[in-house]
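Working notes, structure below.
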Amino acid sequence: MSQFRIKVKGIVRNGDQYLIIKKWYDDNINEPYKWEFIDAKVEFGNTPENTVVETINEMTGIHVDIERILYTWTYQIGEVQYLGLTYMCIASDDTVVMSEELHECKWVQFDEFAEYIDNDMVLDDIRKALKEN
């Protein structure tokens, strides 16, 4: 039976810097920790907006306001199709209190993304979305 799930991603901005996190990605690759943005699955009964705000706060201690949706994405694993919504979130400050899920975090400038994020499709989406600002 086919299933459909929703995921959210939060790109957290404070001034001209963006928060990237390093967390466990996969046991089956040489570098199991990957730099990325905060993401989560939307649970039944919750909204995408609440999910992204709550997840960012739980993982980093940062309070954010959503500015807008930057882009959407989709992928499929077996019988499950995922729809993703990426939000631009504005941080109230840059003090991070990492949860145990995170291995590392860093504030970076827009032009530094490619030094950390190795997924070309994500980088293209970010460049398009953030150049519109």
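The values are calculated or read from the model by the stated rules, or taken from the named source; none is laboratory data. Remember, it's a predicted structure, so these values are computed and weren't measured experimentally. Cβ atoms come from the backbone with ideal geometry, glycine included; neighbour counts cover every protein chain shown. Note: accessible area is taken over every heavy atom of the protein model, side chains too, but ligands, DNA and RNA are not part of it. Shrake-Rupley method; radii C 1.70, N 1.55, O 1.52, S 1.80 Å.
Can you show me the helix-derived [θ] at 222 nm for the chain, built from DSSP H runs with n ≥ 4 at -39,500 (n - 2.57) apiece and divided by the number of residues, rounded to the nearest 500.
-6500 deg cm²/dmol
Taking H as built 1.01 Å from N, whose amide H comes closer than 5 Å to the amide H of I6, not counting residues under 5 places away?
V42, L83
So how much accessible area does L83 have, in Å² to the nearest 10, using a 1.4 Å probe?
60
For the range 71-85, just list the computed ³J(HN,Hα) in residue order, Karplus coefficients 6.51, -1.76 and 1.60, θ = phi - 60°, integers in Hz, with x standing in for Gly and Pro.
Whole-Hz 3J(HN,Hα) from phi for the range 71-85: 6, 10, 8, 8, 7, 10, 10, x, 8, 10, 9, 10, 10, x, 10.
Whenever you get a sec, compute what percent of the accessible area on the range 21-103 sits on carbon and sulfur atoms (1.4 Å probe).
On the range 21-103, the fraction of accessible area on carbon and sulfur atoms equals 47 percent.
Taking a spot 7 Å from the Cα of D16 along the direction of its beta carbon, which residues of the range 109-128 have an amide N less than 14 Å from it?
The answer is 109-112, whose backbone nitrogens lie closer than 14 Å to the label point.
Per q in 0.19, 0.24 Å⁻¹, report the Debye log10 I(q)/I(0) for the range 91-133, using one uniform scatterer on each alpha carbon and no solvent.
For the range 91-133 at q = 0.19, 0.24 Å⁻¹, log10 I(q)/I(0) is -0.77, -0.99.
Could you rank R68, R5 by how accessible they are, 1.4 Å probe, largest area first?
R5, R68
Just to confirm a number: summing +1 for Lys and Arg and -1 for Asp and Glu over residues other than V96 whose beta-carbon lies under 11 angstrom from that of V96, what do you get?
-2
The list (1) 20, 16, 15; (2) 22, 18, 16; (3) 24, 17, 15 gives values of semi-axes √(5λ) of the Cα gyration tensor in Å, and only one came from this structure; which label was calculated from it?
(2)
Of M59, M98, M121, which has the most accessible area and how do the rest follow, probe 1.4 Å?
M121, M98, M59
Relative to the present Cα-Cα distance, how much length would full extension add between D124 and E54 at 0.36 nm per residue of separation?
22.5 nm
Leaving out ligands and nucleic acids, note down the accessible area per residue over the chain with a 1.4 angstrom probe, in whole Å².
That works out to 61 Å² for each residue.
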